[in-house]
Structure formats: C-alpha cells, structure tokens
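What follows is one structure encoded as structure tokens, with my remarks underneath.
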Amino acid sequence: MSAASLLDLKSLSAETIARIFSLADRLSGEKPADRDHFPNRRGLSAALVFFEPSTRTRLSFETACLREGLRPVILDGAAGSSLEKGESAEDTLLNIAAMNPSVMVVRSGDALDMEAMSRALPGLPWLNAGWGRRGHPTQALLDLFALVRKGLDPASQRLLLIGDVRHSRVAASHFELARVLGYEVALCGPASFLPERPTARVFESLRDGLRWATAAMALRVQLERHPGATDLKDYHGRWGLNADSLKALAPKAVIMHPGPVNWGVEMSSDVMRDPRSVILEQVGGGVWIRQALVRRALEGKV
Ligand code: CP
C-alpha cells in the first residue's frame with residue numbers, strides 16, 4: 001500500500017492531521033488553480049471509482065483533482081459499465097489501475113476488501129471515499145476542519161452524534177479521529193440505532209446531550225436499512241433538531257450534518273438558517289481537505 005494512501009484515520013498522527021488542516025487552510029485563500037498551474041502534472045489522471053451513490057464526496061474530489069492539475073476519470077455506479085455484465089468490483093479496480101492513474105479514489109460497500117486491494121496495488125495512492133460502515137475518513141477530517149476554521153481547538157470539542165450511529169461510517173471515522181486528536185464523542189438516539197455495545201457515553205435524552213455538546217451532529221437516518229420500522233414523525237419529535245430542541249444547545253456551539261439530510265426527520269428545514277449551522281461550510285471546506293489529501297498522495301507528504 002502506498003504510504004500516501006488514506007484508508008482510515010488510525011494511521012495518521014495528530015501532527016500529520018495538523019499539517020493537512022494547515023495546507024487546506026492555505027488552499028482556501030488561493031485562487032482555484034487550473035491545470036496550467038501544474039505543468040508537470042499535464043496528462044496525469046485521478047480515477048474516481050464510485051460503486052455507490054454520492055453527490056458531495058464525488059464532486060468534491062472531482063473539484064479537488066481539477067484544482068490540483070489532475071484530470072478526473074470517473075466510474076459512477078454500475079450503469080453503463082461492465083459491472084452490469086457481471087464483472088467484479090475487484091476486476092474493475094485492477095483494470096482501472098492498469099490505465100495508470102496517479103491516485104485512486106474509491107467508494108464501496110463493506111464487501112470490497114479495500115485494504116487487500118490497495119496492498120495489491122502498492123505504488124498507487126488510494127483514498128477511501130466512504131467504505132460501507134467501515135469509515136469515511138475524509139468526511140471526519142472535513143468535519144473537524146469546519147470547527148478549526150471557526151477558531152475552535154479540536155482537542156477541546158465535545159461532539160454529540162445523534163441518531164443512526166450503528167449504520168454510520170461517519171461515526172466510525174469520528175471514533176478513530178477522536179482517539180488521535182483527543183476530542184470527546186457521545187451518542188444519543190433510539191437504542192436500535194446505537195451500537196449494541198457502545199464505547200462512548202450515551203445520553204438518554206437529546207436535550208441532555210445538546211446541553212453537553214460543543215458540536216451537535218445529526219446523522220442521516222438510513223431508511224434503506226430500517227425497512228418499515230421507523231416512525232419518522234416520532235423520531236423527529238424525540239431526536240430531531242429544530243428551533244425547540246436547539247434551545248438546549250449553547251449559543252457558541254455548532255450544528256453539523258454530513259449530508260444528505262432527510263429534512264423533517266433529523267432536522268427541520270429552518271435549522272439551515274440557524275447561525276450555529278456549519279452544514280454548508282463542511283461541504284465547502286471538504287474540497288480543500290481533499291485537495292490537501294490529493295497533493296499528499298502525489299507528493300508523498302504534506
Ligand atoms: N457526506 C457524504 O458522503 O455525502 P455523499 O454521499 O453525497 O458523498
């Protein structure tokens with residue numbers, strides 16, 4: 001596996017993450033570069049292989065690659081590809097790697113063994129763009145970057161994850177990142193949405209959790225994994241963020257969501273206008289974080 005790959009956050013040090021944030025912050029102040037700013041990268045490509053749907057991550061990596069002088073080549077779901085003829089994800093990746101991209105960005109389900117695949121392609125930097133329930137490391141990094149951009153110290157944060165933690169790769173990556181950076185994570189939500197054996201503090205009530213939190217992150221209720229079992233009105237009444245429940249959150253705390261949002265379920269639409277919401281800042285900053293990671297993949301360092 002290339003040393004510049006990013007499959008999880010366990011393997012990054014706090015110092016490396018600080019350098020990634022610092023580069024992302026510097027990039028935020030630059031005029032977006034185009035390919036002409038990187039004459040030595042002319043003709044280089046990045047393979048964006050998305051076996052599962054995505055809007056934010058895919059377009060954000062695509063933008064990041066363009067700004068870093070790489071031409072993105074994209075596989076976006078099975079439609080129109082030989083996956084429809086029964087070719088496996090593994091063979092698909094080996095064939096795309098044979099076209100010699102400079103970096104491989106992959107979103108997949110749990111069934112793909114990303115670690116084994118990236119080991120099988122040792123010279124090719126591999127960036128995990130969301131891997132089943134295993135992790136979404138670039139999302140957790142961009143979440144923390146949104147807090148850093150507000151002048152907050154990552155190690156002092158108390159992050160409340162609300163709702164569907166059991167199915168969330170974003171939550172899985174925050175558990176890893178919190179161990180590296182030192183912030184606290186707590187959970188709240190229906191028992192059937194939380195891990196069977198939680199390793200973090202659990203609040204029985206949303207209001208108690210919000211009173212504790214410096215950052216409240218609602219997680220998407222993964223309706224596709226709760227067939228017919230969730231009363232969404234009831235869920236919002238007990239666990240939803242709205243003008244009433246958010247009275248319990250401190251004025252200086254922030255409201256987050258990795259997206260996509262089920263409006264009226266995890267949060268009511270007026271939450272977007274709450275001055276504490278950084279939901280779109282998360283998305284915007286994600287491009288700079290991914291630029292920094294693409295640059296690290298190309299140059300082997302940040
Ligand atoms: N947050 C996130 O991963 O969104 P997408 O599925 O749209 O990429």
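The values are calculated or read from the model by the stated rules, or taken from the named source; none is laboratory data. As the structure is a prediction and not an experimental result, all values here were calculated from the model. Cβ sites come from the backbone with ideal geometry, for glycine too, and all protein chains shown count toward neighbours.
Residues that are within 14 Å of MET217 (Cβ to Cβ) and hydroxyl-bearing (Ser, Thr, Tyr): does the stretch 93-110 have at least one? Show your work before the answer.
Quick first cut of the stretch 93-110, residues within 14 Å of MET217 (Cβ to Cβ) only: none.
Looking for residues that are within 14 Å of MET217 (Cβ to Cβ) and hydroxyl-bearing (Ser, Thr, Tyr), one finds none in the stretch 93-110, hence no.
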Notebook entry, point to check: All but one of (1) part of a loop (DSSP other than H, G, I, E, B); (2) modelled with pLDDT of 95 or more; (3) of a type outside the set (Val, Ile, Thr) hold for ALA24; which doesn't?
Noted result: (1)
Notebook entry, point to check: Before we move on, is VAL180 within 24 Å of GLN282 (Cα to Cα) and within 16 Å of the ligand (Cβ to nearest atom)?
Noted result: no
Next item on the list: Could you tell me whether any residue of the stretch 189-201 is acidic (Asp, Glu), modelled with pLDDT of 95 or more and surrounded by fewer than 23 Cβ atoms within 10 Å (Cβ to Cβ)?
Entry: no
Check: Do we have any residue at all in the stretch 233-246 that's modelled with pLDDT of 95 or more, under 30 Å from THR16 (Cβ atoms) and not β-branched (Val, Ile, Thr)?
Finding: no
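Yes/no per residue for (1) assigned to a helix (DSSP H, G or I); (2) within 16 Å of the ligand (Cβ to nearest atom); (3) in contact with a strand residue (DSSP E or B) (Cβ under 9 Å, 6 or more places away or on another chain); (4) touching a residue at least 60 places away in the same chain (Cβ under 8 Å):
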{"site": "GLY151", "(1), (2), (3), (4)": "no, no, no, no"}
{"site": "ALA155", "(1), (2), (3), (4)": "yes, no, no, no"}
{"site": "MET217", "(1), (2), (3), (4)": "no, yes, yes, yes"}
{"site": "VAL221", "(1), (2), (3), (4)": "no, yes, no, no"}
{"site": "LYS233", "(1), (2), (3), (4)": "yes, no, no, no"}
{"site": "ALA243", "(1), (2), (3), (4)": "no, no, no, no"}
{"site": "VAL261", "(1), (2), (3), (4)": "no, yes, yes, no"}
